[in-house]
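The structure appears below as structure tokens.
Just so you know, all these numbers are worked out from the coordinates, no wet-lab data involved. Computed from a prediction, not measured in an experiment: that's the story for all the values here. All Cβ positions, glycine included, derive from the backbone under ideal geometry; neighbour counts span all protein chains shown.
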Amino acid sequence: MILWILGLATLALYLSFILMKNGAWRSLWVGLSLVVLVGSLALLHFNDSNHFGMKQVTKSTTQVIYSASPSKQLPLLLYQNVGTSGKHTVYIYKTSAKGKATHTKADYTVTNLVAKAQPTTAQVTTTRKEWVYKSGFYRACSTTRTTTR
């Protein structure tokens with residue numbers, strides 16, 4: 001919607017500047033359309049750079065995991081270092097006792113943390129931060145339509 005407002009303000013500025021004769025009405029229309037044009041450009045910039053009209057929401061899901069080893073007597077959590085510094089690690093596990101092995105995401109924005117806990121079952125907790133609109137007004141005024149997966 002902000003793109004429509006930007007386009008209409010540009011068109012109004014052009015038409016009032018070119019087609020209208022000098023006078024108070026021309027000055028009023030030029031000033032009004034220029035204010036709307038600059039305002040919509042500022043909102044567009046703040047939306048892109050500072051997530052204007054959005055808030056960050058954290059979503060967590062927990063899933064029971066099983067050993068990647070086929071042996072019941074040898075429960076293992078396998079891992080592989082990514083890169084040479086050893087800062088990033090990919091963990092290999094199964095999501096069901098008889099399923100195929102899967103792994104954590106190998107990405108620099110993902111942090112894998114292994115913590116020893118008291119429960120007898122192993123779990124993986126996925127925490128995801130995403131930006132959502134504060135209200136329906138900001139969703140209607142946005143330039144892009146984002147969908148949550």
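Axis angle, to the nearest 10 degrees, between helix 2-18 and the longest C-alpha principal axis of the chain: 20 degrees.
Judged by the gyration tensor of its Cα atoms, with axes a ≥ b ≥ c, the chain is prolate; a/c meets the 1.5 cut and a/b is the larger of a/b and b/c.
Among 6, 42, 64, whose Cα lies farthest out toward the positive end of the dipole of the chain, if unit charges sit on the beta carbon of Lys, Arg (+1) and Asp, Glu (-1)? Checked the options; the winner is 64. Compared with the dominant principal axis of the Cα atoms in the chain, helix 24-50 is inclined by about 10°.
For a straight C-alpha distance cut-off of 22 angstrom, the lysines reachable from residue 129 (same-chain residues fewer than eight places away being disregarded) are 55, 59, 87, 105. In the chain, the DSSP-assigned H stretches of four residues or longer account for a calculated mean residue ellipticity at 222 nm of -11000 deg cm²/dmol, using -39500 (n - 2.57) per stretch and the full residue count as denominator.
How large is the charge dipole for the chain, taken about the Cα centre, if only the Cβ atoms of Lys, Arg (+1) and Asp, Glu (-1) carry charge, to the nearest 20 debye? Could the numbers behind the result be given before it?
Values: 17 positive and 3 negative charges, 103 e Å.
My answer is approximately 500 debye.
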